[in-house]
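The values are calculated or read from the model by the stated rules, or taken from the named source; none is laboratory data. Model, not experiment: these values are computed from the prediction. Ideal geometry is used to build each Cβ from the backbone, glycine not excepted, and the neighbour counts take in all protein chains shown. Surface accessibility is based on the protein's heavy atoms, side chains included, excluding ligands, DNA and RNA. Shrake-Rupley method; radii C 1.70, N 1.55, O 1.52, S 1.80 Å.
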Amino acid sequence: MLHLAVFASGRGSNLRAIDQAILDGQLDARIVAVISNRAASGALDFAREHGIPALSLSEIAAEAEDSWLQEQLAKCGCDFISLAGYMKLLPAGVVSAYRHRITNIHPALLPSFGGKGMFGRHVHEAVIASGAKVSGATVHLVDEEYDRGPIVMQRCVPIADDDTAERLATRVLEIEHRIYPESLQLFADGRVTVRDNKTSIRS
Ligand code: GRF
């Protein structure tokens, strides 16, 4: 079983999808904490409503963040971290302490359309402007850079000629809600190994 800390800055729909997959028996995990850099995030509200420890980073000084986070993660028994719409880089000490046990979800097919500034509608606008015929969602391991670690799972959605960023975002989000819990279950089953900066999934 994964003891998950979910980091989220925004509305938290991926957090809800993960929680639902756990309730439905599709994901062998327990959410041990929800952590946000925004005190007003929907993800923290969801955590409080569901009796999950909800931690806000907004009062923590930047220089204390790394050690504070490591302390809180240890305290709640976290053994795996999932970023779900977290708009900040994780401190280097946390990345290193949880190496290959941190995932992120991105609303496009990495390594395209990722990196700093590529979030929310910016991603879908850039995808449509590129003339690409497919987009999708990517779950990947997290390293020290935005959207860069080894890819764990991707799924595509077609792009229609008259697509808008909003419509594409809605369809990609549906895929995200499916592949994030599915990817986490691969880790819960111990099926993911990392070598040469690539993952392989044991069948
Ligand atoms: C998702 O599109 C995710 O891919 C990206 O941020 C968004 C978070 O949405 N990293 P939500 O807060 O989970 O609804």
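Structure notes:
- Scanning segment 83-108 for residues that are open to solvent by 20 Å² or more (accessible area, probe 1.4 Å), touching a Ser or Thr at 6+ places or on another chain (Cβ under 6 Å) and among the hydrophobic types (A, V, I, L, M, F, W, C) yields one hit, MET87.
- Evaluation of HIS3 against (1) open to solvent by 10 Å² or more (accessible area, probe 1.4 Å); (2) under 22 Å from ILE175 (Cα atoms); (3) within 16 Å of the chain's Cα centre (by Cα); (4) not polar (S, T, N, Q) (one fails), failing number: (2)
- In segment 76-84 there is at least one residue that is at positive phi and more than 16 Å from the ligand (Cβ to nearest atom).
- Taking segment 50-65 as the range and being surrounded by 10 or more Cβ atoms within 10 Å (Cβ to Cβ) and among the charged types (D, E, K, R) as the test, only GLU65 passes.
- Every condition in (1) at pLDDT 95 or above; (2) within 13 Å of the ligand (Cβ to nearest atom); (3) open to solvent by 30 Å² or more (accessible area, probe 1.4 Å); (4) not β-branched (Val, Ile, Thr) holds for PHE119 except the one numbered (1).
- Within segment 169-188, restricting attention to residues that are within 12 Å of the ligand (Cβ to nearest atom) and touching a strand residue (DSSP E or B) at 6+ places or on another chain (Cβ under 6 Å), the residue that is farthest from PHE80 (Cα to Cα) is ARG171.
- Number of the exception - GLY114 against (1) under 22 Å from TYR180 (Cβ atoms); (2) open to solvent by less than 20 Å² (accessible area, probe 1.4 Å): (2)
- Number of the exception - GLY115 against (1) at negative phi; (2) touching a Phe, Trp or Tyr at 6+ places or on another chain (Cβ under 9 Å): (1)
- Every test in (1) in contact with a Gly (Cβ under 9 Å, 6 or more places away or on another chain); (2) within 16 Å of the ligand (Cβ to nearest atom) is passed by ASN197 save one, and that test is (2).
- Lone qualifier among ALA64, ALA54 - being free of Cβ contacts under 8 Å to residues at least 40 places away in the same chain, over 25 Å from PHE119 (Cβ atoms) and among the small types (Gly, Ala, Ser): ALA64
- Residue that is outside any helix (DSSP H, G or I) and within 16 Å of the ligand (Cβ to nearest atom), where the choices are ALA47, ALA17, ALA43, ALA39: ALA39
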